[in-house]
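The values are calculated or read from the model by the stated rules, or taken from the named source; none is laboratory data. From a predicted model like this one, the values you see are computed outputs, not experimental measurements. Backbone-built Cβ (ideal geometry, glycine too); neighbour counts: all protein chains shown. For the accessible areas, the whole protein counts, side chains as well, though only heavy atoms, and no ligand, DNA or RNA atoms are used. Shrake-Rupley method; radii C 1.70, N 1.55, O 1.52, S 1.80 Å.
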Amino acid sequence: ILVFPVDAPGKVNIRNVDAARLEPGGHLNDTLIEFGLKLWLKDLEERTPDLAKQVYVFSSFFYRQLNKK
């Protein structure tokens, strides 16, 4: 139902099942956490570009890929 950021690599796709986790009593998953971090970074880029250049948000699947033999 939502893709963010639309025009950049590393897009996060929020599906209905992810959005349902935002209801009271729901639990966040890796997709929602990654979305929140990317949204926060986008806001930081607009407010404090020099600081944002020092930050990189890794995908939640980065460690799994790094750990492959």
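Couple of notes before you dig in:
- Test result for R64, at pLDDT below 90, out of contact with any Ser or Thr (no Cβ under 7 Å at 6 or more places or on another chain) and open to solvent by 90 Å² or more (accessible area, probe 1.4 Å): yes
- Of the helices (runs of 4 or more DSSP H) contained entirely in segment 1-52, those carrying at least 3 residues that are open to solvent by 80 Å² or more (accessible area, probe 1.4 Å) fall at 30-47.
- Scanning segment 8-30 for residues that are without any contact (Cβ under 8 Å) to a residue 24 or more places away in the chain and under 22 Å from F62 (Cβ atoms) yields a total of 11.
- Looking across segment 33-58, just one residue is of a type in the set (D, E) and touching a residue at least 24 places away in the same chain (Cβ under 8 Å), and that is E34.
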